[in-house]
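The values are calculated or read from the model by the stated rules, or taken from the named source; none is laboratory data. All figures in this text were calculated on a predicted structure; none of them were measured in a lab. Reconstructed Cβ throughout: ideal geometry from the backbone, glycine too, with neighbour counts over all protein chains shown.
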Amino acid sequence: MASLHKEIRIAAPASAIWDAARDLGALHTRLVPGFVVDTQLEAGSRLVTFFNGMKLREPIITVDDERRRLVWSASGGATTHYNAVLQIIPDGDGSRVQWTTDFLPETVTGTLSGMQDQGLAAMKRAFENG
């Protein structure tokens, strides 16, 4: 199994980023606009449409308000297994956002790494540039 761990610093309060992250149906308007173009809530999951047209069903595993930690899995893409954790950590006058993924097959590492980079950049833009 392959793993990716990405981290970015965002000049915004952890509470603001977490409020957007835990708003499960608003990825495309609040958390990562432009990276995600549509989000539809379903019972226990969300259907996410990305900028490139890819659609994934993401069952929500955990929404942990105390730790500002969101866990989800995904189906419908190039992976046979996908599990992700997003955690928002206060850091001075801003926040550190950590996004960890575990997935199979390892051959999609480059693609997923690029997608994570684009997602985190979209999040940074959303909070730092309005």
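Tell me, please, whether a residue that is at pLDDT below 95 and either hydroxyl-bearing (Ser, Thr, Tyr) or crowded, with 17+ Cβ neighbours inside 10 Å (or both) can be found in region 68-77. Yes; the residues of region 68-77 include at least one that is at pLDDT below 95 and either hydroxyl-bearing (Ser, Thr, Tyr) or crowded, with 17+ Cβ neighbours inside 10 Å (or both). Taking first residues from region 87-112 that are more than 16 Å from TRP18 (Cα to Cα) and at pLDDT 95 or above and partners that are of a type in the set (Ser, Thr, Tyr) and surrounded by 17 or more Cβ atoms within 10 Å (Cβ to Cβ), the Cβ contacts under 7 Å between residues at least 6 apart in sequence or on separate chains come to THR101/TYR82; PHE103/THR79; PHE103/TYR82; LEU104/THR79; VAL108/THR79; LEU112/THR101. The residue of region 42-53 that is farthest from PHE103 (Cα to Cα), among those that are in contact with a helix residue (DSSP H, G or I) (Cβ under 9 Å, 6 or more places away or on another chain) and among the hydrophobic types (A, V, I, L, M, F, W, C), is PHE51.
Just checking, how many residues over region 1-29 are buried (at least 18 other Cβ atoms within 10 Å of the Cβ), more than 19 Å from LEU112 (Cα to Cα) and touching an Asp or Glu at 6+ places or on another chain (Cβ under 6 Å)? Selection size over region 1-29: 0.
For region 22-50, give me each residue that is without any contact (Cβ under 8 Å) to a residue 60 or more places away in the chain and not in a strand (DSSP E or B). Scanning region 22-50 gives ARG22, ASP23, LEU24, GLY25, ALA26, LEU27, HIS28, THR29, ALA43, GLY44.
The residue that is modelled with the lowest pLDDT, among those in region 1-21 that are in a loop (DSSP other than H, G, I, E, B) and in contact with a helix residue (DSSP H, G or I) (Cβ under 8 Å, 6 or more places away or on another chain), is MET1.
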